[in-house]
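Okay, so here's the structure we're looking at.
Just so it is clear, none of the values below were taken in a lab; they were calculated from the coordinates. Model, not experiment: these values are computed from the prediction. A quick note on method: Cβ atoms are made from the backbone with ideal geometry, for glycine too, and the neighbour counts reach across all protein chains shown.
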Amino acid sequence: MTKIILPQNESLDESLKYYPLHVGNYWQYEASAIDEWGNDSVWYASREIVGDTLLTNGKKYFIFVEKGIKTLRSKFVRIDSSNGFIYSFKNEANENREDSLVLSYWDSLSCERVEEIYFEELFGHSFEIRPYLGCVISFGCDKNRKLAKNIGLIELHNYCFDVVATGQSYFLNFAKINNIEYGTLVTVKNNIHQAINSDYNISQNYPNPFNPTTNIVYHLSEKGFVDISVYDLLGHKIATLINGYKNEGSYKIKFDGSKLSSGIYYYVFSNNKSRISNKMLLIK
């Protein structure tokens with residue numbers, strides 16, 4: 001992926017596109033977590049706008065329902081189009097300011113900082129990405145995330161570092177925005193994840209754990225664009241292994257972690273239809 005830095009003085013109307021609010025919008029994420037004992041888990045999480053309503057403070061809010069993101073919950077959210085602030089309803093007299101869509105490079109909201117906006121290939125399309133990095137949500141804990149224009153939240157990483165690393169990561173694998181679908185929706189039945197489209201697959205790396213090299217095998221049943229990149233726990237891109245068009249067939253690529261420290265890393269497969277992330281462990 002080539003980053004193309006954009007001017008940071010976007011208009012308010014353009015900035016609002018990073019948080020699309022429309023009844024029926026839906027986001028599905030592949031989520032993973034590691035606990036303090038080193039146990040990891042993978043599941044699918046989602047966010048959906050199920051309606052809108054006028055609350056007791058006289059303001060209109062969109063109703064978000066989230067599943068698998070911390071806990072099942074609903075939230076009333078609105079954007080003030082005059083200043084780009086995002087608010088959630090607290091009570092009749094108060095709101096929580098959740099975000100600002102008009103922050104420029106290195107401005108901060110609470111404890112987050114906004115880095116430079118750039119282009120990134122996602123589901124076969126090029127999107128402008130706004131990364132929020134380096135938010136210390138409590139002692140030793142970081143929160144990083146990325147918003148894509150016309151899509152919304154595409155990545156979220158919450159991790160704490162003490163004796164061991166614990167936390168969660170969420171990677172967008174499907175979105176339906178204003179009735180336009182991106183990626184491949186995954187259905188979950190009896191704890192078995194079933195992709196609607198089976199034109200591709202990517203295997204767990206082997207060996208795993210590894211030191212310092214490991215192999216990643218993927219298969220394409222048709223020609224298409226492929227990106228496979230490696231990320232650390234905080235969502236920082238470590239390496240791009242593949243970024244381009246490939247013919248149908250099976251491929252094996254080698255990842256060399258000799259310059260990296262021991263720890264957990266993710267490799268993310270994306271094409272025109274979906275994103276899939278797998279976890280790998282480097283032990284030196």
- Message: Highest mean first, how do 120-131, 41-52 rank when packing is the count of other Cβ atoms within 10 Å averaged over residues?
- Response: 120-131, 41-52
- Task: Would you pull out the residues with amide H under 5 Å of residue 242's amide H, same chain only if 5 or more places away, H placed 1.01 Å from N?
- Result: 228
- Query: What is the set of long-range amide H partners of residue 123 at a cut-off below 5 Å, with H atoms built 1.01 Å from backbone N?
  - Reply: 271
- Rough spin-label spacing in nm, given labels placed 7 Å along Cα→Cβ, for residue 90 and residue 219: 5.4
- Residues meeting the amide H criterion for residue 51 (H placed from the backbone, H to H distance under 5 Å, 5 or more places apart or on another chain) are 24, 63
- Task: Find out how many positive minus negative residues lie around residue 29, taking Lys and Arg as positive, Asp and Glu as negative, among other residues whose Cβ is under 9 Å from that of residue 29.
- Result: -1
- Query: For residue 102 and residue 118 in one chain, what is 0.36 nm times their gap in residues minus the Cα-Cα distance, to one decimal in nm?
  - Reply: 4.2 nm
- With a 10 Å Cβ neighbour count serving as the proxy for reagent exposure, in which order, fewest first, do 171, 85 appear? 85, 171
- Note on the structure: For the stretch 248-265, Karplus-derived ³J(HN,Hα) couplings (6.51, -1.76, 1.60; θ = phi - 60°; whole Hz; x for glycine and proline) come out as 4, x, 9, 9, 10, 10, 10, 10, 10, x, 5, 9, 9, 7, 4, x, 8, 10
